[in-house]
Structure formats: structure tokens, C-alpha cells
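Participant: Just passing along the structure, written as C-alpha cells.
The values are calculated or read from the model by the stated rules, or taken from the named source; none is laboratory data. Because the structure is a prediction, the values reported are computed rather than measured. Ideal geometry is used to build each Cβ from the backbone, glycine not excepted, and the neighbour counts take in all protein chains shown. With ligands, DNA and RNA removed, areas are computed over all heavy atoms of the protein, side chains included. Shrake-Rupley method; radii C 1.70, N 1.55, O 1.52, S 1.80 Å.
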Amino acid sequence: MSRGPELIITEKDNAARRIADILSGESATAERQNDVNVYKWGGKRCIGLSGHVVGVDFPPEYNDWRDVEPVELIDAPTTKQPTQEGIVAALRTLARNASRVVIATDYDREGELIGKEAYELVREVNEDAPIDRVRFSSITEREVQEAFANPDDLDFDLAAAGEARQVIDLTWGAALTRFLSLSARQLGDDFISVGRVQGPTLKLIVDREREIQAFDPEAYWELYGNLTKSGGDPFEARYFYLNDEGNEAERVWDGDVAEVLTEALDAAEA
């Protein structure tokens, strides 16, 4: 088994810095590795990722939009490739000789998936080091200390749920984007982008625009008067009345009534 430092992996650099300060009693120092911050104290190292550092994509043979029918993407295999080369390289270097690895990514489904991605990167270079998972809802001294005192295992089922969402996003978005772009003959930089979030959002915008276009405006009047109290300063007053429900209302919907009220106000000013 490797006898190198213990490696702590967090989801972001600011989390790595804060956790290192808590666990080290603020004695941790930072050094740069592959242009990434690594915090070190005693026999421990802590590195922050940048969210997902690997991305899901189709194999290269599916890249030609004209040769691959969009429907073929539905059953196409997927691959994972690093999207943050510097962070992945630094993580692999640190993990290679790590005696233990602790995954301290966020306490949610995406955090579990990011933790699983880190787990797989570690296992590519280190098959023996034990890998633990710690969970905390906020990066406070009490929660962090308790989490690291009670490590758990990575939840691979929860991570798989996040992974399924990733694959669905890719398949749904890529297949529809290609289908619409090819149908409209809009390729290159002018392609039509469609996705799991974009589709429903566009539907909401279209529905709202149709409501606006179908709206039938109705004229109404609001009456104001500049009044002066005896011996006081002028002030603006707004006309209101009790409607059929007995509630105060300010809008007058009958133009003839508004005209009569206006003439009455003018006469009062005279």
C-alpha cells in the first residue's frame, strides 16, 4: 500500500482552502501544481476541483452530423474525457502515492457524481488506497470536524442517478439539435441548439407571448385632484369608490362617468 500523504478532494478551490484551514488549525500552506492550488499540512494534501472535471460525450465516430442520423445517438455509447486537464493532471499526481483518499464534495446528487468522477480518476493511478466519503451541509468548523471524524462510503447509486441525468441531457440535446439543424439546413456556427432545459423554457416563453398577443385591452380612467386644505399646503388626492363587492376601487371603467366626475372636480376647483 502507498505510504504517501493523505489526499482530500473537494468540489471547489474555496472549499479546499476553508477545509484545510479548519483541519490544520489555519497552519496549511498553498503551493501550485499544474497551475492548481494544493493545500498542505502535516501528512495531508487538499485539492479543489472545478465542479465536473470530466465530461460525457459520444465517441469520435458519431461526430459527423451528415453521416450519422440523429436517431442513432439514442442508443450510442458514451465516453468520459477530462475537461479540466490541469486539475485532472494534478489530481492524478497527488493520488498516485496517496495512502488514503477522502472525497469531500458537496452533499447533493451532483456532489456525489463529482465524487464518483474523482474516485475513478484516483483508481486509474492508485488501486490500493482506501477511499472514504465525508458529508457536511455547511463548511463550519463543527460540521467539518464531525464529518471527518465519521467518514462514510461513496453512494454509487446516488451518483448513478446524476450520471443518468448527464447521459439523458447529452442524448436528448444532441439528437434534437442535430435533427432541427439538419432539417432547417442551419449548420456550423448557425446551428439550432435544443436541450432538456431549453425546450421547456422556450415553451414557457411562447405561451407567455401568446397570452400577451391575445390580451384585449380595456380602457379605464383614474382621477386625481390637487386639493388645498384651509390654512394648509396643497396635496394630491386620488378618487376611489366602493365597488359591487364593497371593496375600494380606483379605476373607472365607464368613460361617461369619468367625464361627469372630471367636470365635478373642475367645478369644485372653480
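Participant: For residue 22, state whether it is of a type outside the set (Ser, Thr, Tyr), surrounded by 17 or more Cβ atoms within 10 Å (Cβ to Cβ) and in contact with a strand residue (DSSP E or B) (Cβ under 6 Å, 6 or more places away or on another chain).
Facilitator: Numbers: of a type outside the set (Ser, Thr, Tyr): yes; surrounded by 17 or more Cβ atoms within 10 Å (Cβ to Cβ): yes; in contact with a strand residue (DSSP E or B) (Cβ under 6 Å, 6 or more places away or on another chain): no.
Here the answer is no, as residue 22 does not meet what is asked.
Participant: Of these, 224, 239, which one is loosely packed, with under 12 Cβ neighbours inside 10 Å, more than 28 Å from the chain's Cα centre (by Cα) and on the phi < 0 side of the Ramachandran plot?
Facilitator: Working: 239 fails: loosely packed, with under 12 Cβ neighbours inside 10 Å.
From the options 224, 239, the qualifying one is 224.
Participant: For residue 245, only one of the following conditions fails: (1) in contact with a strand residue (DSSP E or B) (Cβ under 9 Å, 6 or more places away or on another chain); (2) open to solvent by 80 Å² or more (accessible area, probe 1.4 Å). What is its number?
Facilitator: Among (1) in contact with a strand residue (DSSP E or B) (Cβ under 9 Å, 6 or more places away or on another chain); (2) open to solvent by 80 Å² or more (accessible area, probe 1.4 Å), the lone unmet condition for residue 245 is (1).
Participant: Here is a follow-up. Can you find even one residue in region 152-172 that is farther than 19 Å from residue 69 by Cβ, modelled with pLDDT of 95 or more, in contact with a strand residue (DSSP E or B) (Cβ under 7 Å, 6 or more places away or on another chain) and open to solvent by less than 60 Å² (accessible area, probe 1.4 Å)?
Facilitator: Yes, region 152-172 has at least one match.
Participant: Additional query: Would you point out the residue of region 225-256, among those that are of a type in the set (Ser, Thr, Tyr) and part of a strand (DSSP E or B), that is nearest to residue 268 (Cα to Cα)?
Facilitator: In the first step, residues of region 225-256 are kept if they are of a type in the set (Ser, Thr, Tyr); the result is 228, 230, 239, 241.
Checking which are part of a strand (DSSP E or B) leaves us with 228, 241.
Working: 228: 11, 241: 18 Å.
Here the residue is 228.
Participant: Considering only residues that are closer than 16 Å to residue 94 by Cβ, in contact with a helix residue (DSSP H, G or I) (Cβ under 9 Å, 6 or more places away or on another chain) and among the charged types (D, E, K, R), which ones fall in region 111-131?
Facilitator: Answer for region 111-131, where residues must be closer than 16 Å to residue 94 by Cβ, in contact with a helix residue (DSSP H, G or I) (Cβ under 9 Å, 6 or more places away or on another chain) and among the charged types (D, E, K, R): 117, 123, 124.
Participant: From the list 85, 6, 11, pick out the single residue that is acidic (Asp, Glu), under 23 Å from the mean Cα position of the chain (by Cα) and at pLDDT 95 or above. Spell out how you get there, then give the answer.
Facilitator: Values: 85 fails: at pLDDT 95 or above; 6 fails: under 23 Å from the mean Cα position of the chain (by Cα).
Within the list 85, 6, 11, the selection yields 11.
Participant: Shifting gears a bit: Of the residues 86, 55, 4, which single one is open to solvent by less than 50 Å² (accessible area, probe 1.4 Å), part of a helix (DSSP H, G or I) and on the phi < 0 side of the Ramachandran plot?
Facilitator: On the way: 55 fails: part of a helix (DSSP H, G or I); 4 fails: part of a helix (DSSP H, G or I).
Unique residue meeting the criteria: 86.
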